[in-house]
Amino acid sequence: MSLRSLRDKLAVVLAAAGFLFGPGAVLAQPKPSMQQRFLVCTACHGEGGISSQPLVPSLAGQPSFYAITQLFLFREGRRGNEVMTAMAKGMSDDDLRAFSDFIGQLPPPPAPPAGTADELRMARGAALAQQHRCASCHGSDFSGGKQVARLAYQREDYLSQTLQEFRAGKRIGYTQAMNEALAGIPPEALQDLAHYLAHLP
Amino acid sequence: MKIPKPSRARSAWGTTVMALAMTLASAAVLAADPPKQEEVPFWAIGMPKNDTASKMAPVPAFPIPTAADKLPVSKLKLPPGFKAEVWASGILDARGLRQGDKGTVFVSSLFVAGKIYAVVDKGGKREVKTIAEKLMLPNGIEFHKGSLFVATPKDIVRYDNIEANLDNPPKPVMVYDKLPGDVPHGWKFIKIGPDGKLYVPVGAPCNICMPDDKHGQIRRMNLDGSGEEVVARGVRNTVGFDWDPKTGDLWFTDNGRDWLSEDLPNDELNHVTQTGKQHFGFPFCHQGDFADPEFGWGKSCSDYTKPAMLTGPHAGTLGMRFYTGKMFPKKYQGAMFIARHGPWNRTKKYAADVIVAWPDGKGGIAKSEPFMTGLVANNEYLGRPVDVMVMKDGSMLVSDDHNGAIYRISYKGK
């Protein structure tokens, strides 16, 4: 997607957000269902919360506790992402809870994102995941749980970027567990790790 | 794997490559760029290499306060005749408690919220106002003669005439800006003593390390920040202290080091009997009788002041107050109420309660017993008490940062 079309899409999304969360929104309209409210998210995060946009994560199957911590960090301006902070700014605690509960019950991505798995990189990624005990918090099937994110079949570019950000201390998590877990892994190895998690065998 | 040792080798290698590149670009930059330590959160240092330990991390609180009707108040267990009720809710990350002269209850917070709140009682309904936000770990608060003192790891400021200006708080006045500013154990519990001085701890900037002569202490200063002096040494991290109304002596809670084992060492309740002269053991000796496996060599626990009471391994012993009210039965007059947050660094969770301890009149503790319990179920916390405060009517408030709520404990008789 070009930058311009992304920008156009964002304008629509932000306008929709204004409609859904704005002060006058509830007056004339019946309360929209969570399905309807979630359309704001699917504009970028994909139908059913499964993303096909570069660097935009899939939301489907993320644990609701994880989702709410991220929405909270966006709302408070503590996770560096202007678009998501703008989206979350007007949300009440109840909104945060409603969106995160909804995300938590979406069926997770059934298959890896598009692209083929490289056998050598998969092997290196698997070894790294084992060496650094990723599964001990993210689960043996990498489905996450509570405040821990689902990694299985997440977009590779997003995983790679996120891992690099954690490693560089640019992304401050809700807890510092990831900064700790990634300290000492070389950046190029993180790309293999992302490749493995996106394409889990 | 998560221990920084193997990573340092790689980091040094990376630094060398980077340094080489920079030498080519500019020789001057090289000297100005020391090798960068990779960021490992302080609590993880010392973690043993096993799967169970690697899953442990400080228990994260939900980023949204629990709705008033979902609070675990019906789970709270108290001695006969006592009653618990929700006093205020919707206070994200509610931690320290202080009451103003006009009745306002000020509430501090830590990592999650970074805010200071004021709770005003309006005809039995509590209104919560945020009076400061975007603060760095503003855990330490104290109220004195119309002013609210707020301490972060870096500095202490004062909001004058605050109760008359809750909707439009004045610009804070700097009281003291020379605190070290560490994140590890840098957050404060502050209180003004019977001597009119402000007591300010500076914890050890680590799980376990050799603190320099500016850390691992409780200090005191005049209310304008002058005349600073050390009150107690060998203190790892105290987040609760108070003075015995009978003797005027300072008592403080102290959190024991992590990662040594599931059951050692205990947190401590300590008694200061000689201001500025006592060393309470950290990092050499823990719980009065256990020499540290690294820093304890060549040291003897008998050289340090022993705790008056042990309060449980990794219990997270925090806020503490002597009961000075009249509402509770006579046996509680002069006793200490102590909040225990509940451990993160332990497989089996426990505590998350308020205990009560009675001084024996000879400098020690005669006995202690549970007071408010019921917040641990299925090895998880339903709530986590942080601070206790005796209200003017003799009832007691207990803050719960896990739920963003404050409970009121009152005595109705049998």
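Yes/no matrix, rows are residues, columns are (1) modelled with pLDDT of 80 or more; (2) under 23 Å from A:Leu163 (Cα atoms):
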position	(1), (2)
B:Met22	no, no
B:Lys36	no, yes
B:Thr66	yes, no
B:Lys70	yes, no
B:Lys77	yes, no
- Message: Against the definition (in contact (Cβ under 8 Å) with a residue 24 or more places away in the chain and either on the phi > 0 side of the Ramachandran plot or touching a Lys or Arg at 6+ places or on another chain (Cβ under 8 Å) (or both)), how does A:Gly169 come out, yes or no?
- Response: no
- Task: Kindly establish whether A:Ala183 is in contact (Cβ under 8 Å) with a residue 40 or more places away in the chain and within 9 Å of another protein chain (Cβ to nearest Cβ).
- Result: no
- Search result, residues across region B:48-85 that are of a type in the set (A, V, I, L, M) and more than 14 Å from chain A (Cβ to nearest Cβ): B:Leu71, B:Val73, B:Leu76, B:Leu78, B:Ala84
- When B:Lys367 is run through (1) surrounded by fewer than 19 Cβ atoms within 10 Å (Cβ to Cβ); (2) basic (Lys, Arg); (3) within 24 Å of B:Ala68 (Cα to Cα), the failure sits at (3)
- Task: Might you let me know whether region A:145-153 holds any residue that is surrounded by fewer than 18 Cβ atoms within 10 Å (Cβ to Cβ) and either touching a residue at least 60 places away in the same chain (Cβ under 8 Å) or within 24 Å of A:Met34 (Cβ to Cβ) (or both)?
- Result: yes
- Task: Can you confirm whether region B:207-214 contains a residue that is part of a loop (DSSP other than H, G, I, E, B), polar (S, T, N, Q) and in contact with a helix residue (DSSP H, G or I) (Cβ under 8 Å, 6 or more places away or on another chain)?
- Result: yes
- Picked from region A:67-97 (must be in contact (Cβ under 8 Å) with a residue 40 or more places away in the chain and buried (at least 22 other Cβ atoms within 10 Å of the Cβ)), the residue farthest from A:Gly173 (Cα to Cα) is A:Met87
- Flagged in region B:257-268 as out of contact with any Leu (no Cβ under 8 Å at 6 or more places or on another chain) and closer than 30 Å to B:Met221 by Cα, in numbering order, are B:Arg257
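Yes or no, residue by residue, for (1) modelled with pLDDT of 95 or more; (2) of a type outside the set (A, V, I, L, M, F, W, C); (3) surrounded by 21 or more Cβ atoms within 10 Å (Cβ to Cβ); (4) not in a strand (DSSP E or B):
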position	(1), (2), (3), (4)
B:Asp224	yes, yes, no, yes
B:Pro245	yes, yes, no, yes
B:Gly256	yes, yes, yes, yes
B:Gly276	yes, yes, no, yes
B:Phe295	yes, no, no, yes
B:Gly298	yes, yes, no, yes
B:Thr324	yes, yes, no, yes
- Positions within region A:71-85 being more than 9 Å from chain B (Cβ to nearest Cβ), within 19 Å of A:Met178 (Cα to Cα) and at pLDDT 95 or above, in sequence order: A:Phe74
- Assess whether B:Ala308 counts as being of a type in the set (Gly, Ala, Ser) and touching a Leu at 6+ places or on another chain (Cβ under 9 Å). yes
- Query: Quick one: A:Gly145 ticks every box in (1) touching a Phe, Trp or Tyr at 6+ places or on another chain (Cβ under 7 Å); (2) closer than 26 Å to A:Gly46 by Cβ bar one, so which box is it?
  - Reply: (1)
- Which of the residues belonging to region A:112-168 are of a type in the set (D, E, K, R) and more than 22 Å from B:Met47 (Cβ to Cβ)? A:Asp118, A:Glu119, A:Arg121, A:Arg124, A:Asp141, A:Arg150, A:Arg155, A:Glu156, A:Asp157, A:Glu165
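Okay, residues lined up against (1) at the interface with chain B (Cβ under 10 Å from one of its Cβ atoms); (2) assigned to a helix (DSSP H, G or I):
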position	(1), (2)
A:Arg121	no, yes
A:Ala129	no, yes
A:Ser136	yes, yes
A:Ser143	no, no
A:Ser160	no, yes
A:Lys170	no, no
A:Tyr174	yes, no
A:Leu190	no, yes
A:Leu197	no, yes
- Query: Looking at region B:306-314, is at least one residue farther than 30 Å from B:Ser410 by Cα and not charged (D, E, K, R)?
  - Reply: yes
- Query: If B:Leu97 passes every condition in (1) farther than 24 Å from B:Asn378 by Cα; (2) within 14 Å of another protein chain (Cβ to nearest Cβ) but one, which one does it miss?
  - Reply: (2)
- Task: Just need a number here: residues in region A:42-70 that are at the interface with another protein chain (Cβ under 10 Å from one of its Cβ atoms) and outside any helix (DSSP H, G or I).
- Result: 0
- Task: Filter region B:159-195 down to residues that are part of a strand (DSSP E or B) and touching a Pro at 6+ places or on another chain (Cβ under 8 Å), then give me how many there are.
- Result: 1
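Here is a yes/no grid of residues against (1) under 22 Å from B:Gly374 (Cβ atoms); (2) surrounded by fewer than 23 Cβ atoms within 10 Å (Cβ to Cβ); (3) among the β-branched types (Val, Ile, Thr):
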| site | (1), (2), (3) |
| --- | --- |
| B:Phe252 | no, no, no |
| B:Ser261 | no, yes, no |
| B:Glu268 | no, no, no |
| B:Thr273 | no, yes, yes |
- Among the residues of region B:370-386, is any touching a His at 6+ places or on another chain (Cβ under 8 Å), free of Cβ contacts under 8 Å to residues at least 40 places away in the same chain, crowded, with 19+ Cβ neighbours inside 10 Å and under 28 Å from B:Val59 (Cβ atoms)? no
- Selection count where residues are within 14 Å of chain B (Cβ to nearest Cβ) and part of a helix (DSSP H, G or I), scope region A:86-113: 11
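The values are calculated or read from the model by the stated rules, or taken from the named source; none is laboratory data. A quick note: this is a predicted structure, and the numbers were derived from the prediction, not measured. Every residue, glycine as well, gets a Cβ built from its backbone with ideal geometry; the counts of neighbours run over all protein chains shown.
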